[in-house]
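Participant: Sharing a structure, written as structure tokens. Questions coming.
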Amino acid sequence: MKILVLLSAGRHFASGAPRPVPVELQAIALGRALVDDQGGSVSGLHAGRVDPSVADALGHGLDDITVLCIGAEDDPLPALAAEIMACAPDLVLAGRRGLGGSDSGLLPYRLARSCARPIAADAVSIAPQGERIGVVQFLPGGRRRRVELKIPAVVTVHEAAPPARNFVYRARLAGTIEEKPGAGAPAAWMAIEARPYRARPRLIGEGGMGGSAEERLRAATETRSVGGRLMVHPEADAAAAAILDCVAGFRPASR
Amino acid sequence: MATVATTPRLRIDWAHRGGVTDHSAVAPPTEIAPRAITIAEPAFLLFVVAEAPGGVLTRHDRQAIGAARLLDGGGAAAVVVLAAGPVSDAGAAGADLTMTLEIEGYEPEFAAAKIATLVRLHAPRHVLFVESEDGGDLARRVASLLDEPLFDRVESLSARLAVRPAAAGRVEWHALPPRLISIAPDMIAPYHGLPHASSELVASEVTRPETGLADAGVVSADAADIPLDQAGLVLAAGNGVVDFPMFLRLARALGATPGASRVACDAGHLPRAMQVGASGTLLNANCYIALGISGAPQHLQGIGSVEHVVAVNTDLHAAIIARAELAIIADAHAVMRALLARLGQSP
């Protein structure tokens with residue numbers, strides 16, 4: 001199975017230093033697990049300039065990286081789509097969102113559309129099933145969804161996927177980086193002003209706002225009696241039956 | 001010389017928190033039923049793509065409708081809620097129209113094709129999505145179909161300015177709100193004004209696109225693997241529990257995620273990652289079972305948003321007993337053994 005992992009130029013959220021995007025390293029680990037099982041290769045693909053963060057991904061389990069040289073402000077879609085059409089990988093993996101650029105997570109979807117491949121989002125595990133692959137998607141609240149995709153396909157990986165492989169310096173040295181000129185196209189222009197990030201308060205409580213500071217403090221700290229059912233020294237079995245009755249609607253259905 | 005005023009100084013109590021107010025100037029309240037706002041001739045349309053599982057808007061959906069109300073030009077626009085099935089409470093949440101996409105199950109490609117067709121047909125000024133796992137996926141599918149930029153995870157919104165984080169959260173992008181926007185959770189307040197008169201709009205027929213994606217059903221992850229803040233059902237042990245292997249067996253048998261009080265973690269019986277409370281994890285669970293936990297204020301803060309609490313404790317006067325929907329005054333071990341027996345496992 002031929003797997004291509006899309007790499008983006010990552011930046012550390014606090015220091016701004018170049019580093020690989022963690023979720024892309026998790027995508028490499030998922031691809032590597034598939035290849036160790038089935039045979040094949042896991043390559044990296046990056047459009048832009050050779051970035052130290054991209055080169056470091058070699059140490060986490062990539063065989064080689066292709067860098068398509070385009071301008072810093074160019075839209076990477078045409079270059080990536082042309083390269084994917086040329087090397088025809090069975091599976092294109094990407095992180096659900098980059099860290100360091102626009103971080104919108106839109107590129108894998110545009111790529112899937114321009115290459116006419118199905119896309120599944122937020123994978124936590126991938127298993128081959130003949131001409132298809134089974135993908136387990138992350139859902140909130142501890143739920144997972146199993147979907148099947150025709151290959152060739154594009155899959156984005158969620159942060160809840162298994163952890164990335166450790167960095168191996170020998171692999172970093174042994175891996176090769178091939179630089180090619182890419183077909184850059186000017187990106188759609190949008191008037192954007194970038195400012196230092198300012199954390200905004202999150203809404204708390206159902207209404208999201210309510211009353212004075214005193215009322216909000218009381219709502220956060222006060223124990224309110226709900227006037228529930230009280231069983232004093234019941235038979236253990238009766239207590240167990242009452243508990244099971246109470247939690248019946250919240251237990252997972254598959255059990 | 002001016003005379004000294006004999007009445008107390010007039011204080012204007014803007015926030016209505018008590019204090020001295022001049023009641024003589026206030027007209028007696030008249031009983032008026034809340035009227036519904038109707039927008040007969042909308043100047044433009046705003047689409048909100050809601051998740052609405054089971055036809056009920058989620059908290060995040062309401063926030064997206066609240067965000068749409070910020071863009072409506074002072075009540076000139078009609079907010080249209082697009083959901084998979086019919087939505088019951090859209091008017092109170094601030095929506096003027098609802099449109100049913102008639103999607104059953106998980107069909108993101110079909111849903112995106114329908115939404116893109118409706119956007120081309122009705123030309124709304126903005127389309128707002130919720131940035132959850134499935135909502136964000138749908139937003140990106142629609143953006144790629146329309147070949148338009150998506151301003152995702154918007155944290156602050158007005159008619160002139162949308163703000164989203166970028167570059168690993170180090171900068172924020174300020175821009176005029178583009179057409180496609182997705183709203184970050186718990187950042188924009190839901191609509192709190194008068195309810196809108198909500199009517200249903202019939203969506204046009206769209207042919208089903210050829211799909212390479214097939215749904216094989218929702219499965220539950222192993223409860224022990226779920227991060228505590230995402231768990232739906234949590235079983236927690238405190239100082240009243242001694243037999244921790246039995247506690248963990250019970251959690252597995254119940255399908256609950258194990259948690260612990262600070263005392264159990266401090267004593268080293270359970271890992272620190274399991275701690276529930278102000279210095280541990282704040283739960284988002286639906287149901288919480290406390291075994292041998294008295295309910296310190298810091299612990300109760302951790303279960304502040306849990307609706308259904310079950311407590312087993314030997315002390316009738318423990319704080320958790322007042323908080324619990326079902327409170328059992330008994331030794332936790334006897335109840336744990338009885339629960340395991342009822343679940344068909346040997347204690």
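The values are calculated or read from the model by the stated rules, or taken from the named source; none is laboratory data. For clarity, every value in this text was computed on a predicted model and none was experimentally measured. Cβ atoms come from the backbone with ideal geometry, glycine included; neighbour counts cover every protein chain shown.
Participant: Residues in region B:287-308: is at least one in contact (Cβ under 8 Å) with a residue 60 or more places away in the chain and more than 22 Å from A:Cys246 (Cβ to Cβ)?
Facilitator: No: zero hits.
Participant: Pairs only if they're at least six apart or on different chains, beta carbon under 8 angstrom, first in region A:68-79 and more than 21 Å from A:Ala112 (Cα to Cα), second at pLDDT 95 or above and hydroxyl-bearing (Ser, Thr, Tyr); list them, first residue then second.
Facilitator: From residues that are more than 21 Å from A:Ala112 (Cα to Cα), there are no pairs.
Participant: Which of the numbered conditions does B:Gly75 fail, given that it passes all the others? Conditions: (1) in a strand (DSSP E or B); (2) surrounded by fewer than 22 Cβ atoms within 10 Å (Cβ to Cβ).
Facilitator: (1)
Participant: Now, a different point. Tally up the residues in region B:92-125 that are within 13 Å of chain A (Cβ to nearest Cβ), assigned to a helix (DSSP H, G or I) and of a type in the set (D, E, K, R), please.
Facilitator: Qualifying residue count, region B:92-125: 1.
Participant: Hey, another quick one. Taking the conditions exactly as written (farther than 29 Å from A:Ala79 by Cα, small (Gly, Ala, Ser) and surrounded by fewer than 20 Cβ atoms within 10 Å (Cβ to Cβ)), does A:Gly101 satisfy them or not?
Facilitator: Answer is no for this residue.
Participant: Also, quick follow-up: Just name the residue that is surrounded by the fewest Cβ atoms within 10 Å (Cβ to Cβ) out of those in region B:170-184 that are assigned to a loop (DSSP other than H, G, I, E, B) and within 8 Å of chain A (Cβ to nearest Cβ).
Facilitator: Applying the filter and picking the extreme gives B:Leu176.
Participant: All but one of (1) part of a loop (DSSP other than H, G, I, E, B); (2) in contact with a helix residue (DSSP H, G or I) (Cβ under 9 Å, 6 or more places away or on another chain) hold for B:Ala43; which doesn't?
Facilitator: (2)
Participant: Next question. Taking the condition of being more than 14 Å from chain B (Cβ to nearest Cβ) and at pLDDT 85 or above, how many residues in region A:165-212 meet it?
Facilitator: Result for region A:165-212: 19.
So that you can scan it fast, the table gives a plain yes or no per residue for (1) more than 27 Å from B:Pro53 (Cβ to Cβ); (2) more than 24 Å from the chain's Cα centre (by Cα); (3) small (Gly, Ala, Ser):
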residue	(1), (2), (3)
B:Phe129	no, no, no
B:Gly135	no, no, yes
B:Ser144	no, yes, yes
B:Asp152	no, no, no
B:Leu157	no, no, no
B:Leu161	yes, yes, no
B:Gly169	yes, no, yes
B:Trp173	yes, yes, no
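Participant: Name the single residue, out of those in region A:34-46 being modelled with pLDDT of 95 or more and out of contact with any Lys or Arg (no Cβ under 7 Å at 6 or more places or on another chain), that is nearest to A:Arg132 (Cα to Cα).
Facilitator: Ranking the qualifying residues of region A:34-46, first place goes to A:Ser43.
Participant: Does region B:238-248 include one or more residues that are more than 14 Å from every other protein chain (Cβ to nearest Cβ) and within 21 Å of the chain's Cα centre (by Cα)?
Facilitator: No, because not a single residue in region B:238-248 is more than 14 Å from every other protein chain (Cβ to nearest Cβ) and within 21 Å of the chain's Cα centre (by Cα).
Participant: Tally the residues that are within 14 Å of chain A (Cβ to nearest Cβ), small (Gly, Ala, Ser) and in a loop (DSSP other than H, G, I, E, B), restricting the search to region B:259-308.
Facilitator: Qualifying residue count, region B:259-308: 9.
Participant: Can you name every residue in region B:322-347 that is assigned to a helix (DSSP H, G or I), facing chain A (nearest Cβ under 7 Å) and not basic (Lys, Arg)?
Facilitator: Listed by number, the residues that qualify are B:Ala322, B:Ala334, B:Val335, B:Ala338, B:Leu339.
Participant: Separate question: Kindly provide the set of residues from region B:309-321 that are in a loop (DSSP other than H, G, I, E, B) and in contact (Cβ under 8 Å) with a residue 12 or more places away in the chain, ordered by number.
Facilitator: B:Thr314, B:Asp315, B:Leu316, B:Ala318
Participant: Could you list, in sequence order, all residues of region B:212-233 that are touching an Asp or Glu at 6+ places or on another chain (Cβ under 9 Å), loosely packed, with under 15 Cβ neighbours inside 10 Å and either part of a loop (DSSP other than H, G, I, E, B) or assigned by TED's automatic domain parsing to the domain that holds B:Val49 (or both)?
Facilitator: None - no residue of region B:212-233 is touching an Asp or Glu at 6+ places or on another chain (Cβ under 9 Å), loosely packed, with under 15 Cβ neighbours inside 10 Å and either part of a loop (DSSP other than H, G, I, E, B) or assigned by TED's automatic domain parsing to the domain that holds B:Val49 (or both), so the list stays empty.
Participant: Among the residues of region A:56-85, which ones are among the small types (Gly, Ala, Ser), crowded, with 18+ Cβ neighbours inside 10 Å and more than 14 Å from A:Arg110 (Cα to Cα)?
Facilitator: Within region A:56-85, A:Ala57, A:Gly59, A:Gly61 meet the criteria.
Participant: Can I ask one more? Any residue in region B:190-203 that is touching a Phe, Trp or Tyr at 6+ places or on another chain (Cβ under 9 Å), touching a residue at least 60 places away in the same chain (Cβ under 8 Å), within 30 Å of B:Leu97 (Cα to Cα) and surrounded by fewer than 17 Cβ atoms within 10 Å (Cβ to Cβ)?
Facilitator: There is no residue in region B:190-203 that is touching a Phe, Trp or Tyr at 6+ places or on another chain (Cβ under 9 Å), touching a residue at least 60 places away in the same chain (Cβ under 8 Å), within 30 Å of B:Leu97 (Cα to Cα) and surrounded by fewer than 17 Cβ atoms within 10 Å (Cβ to Cβ).
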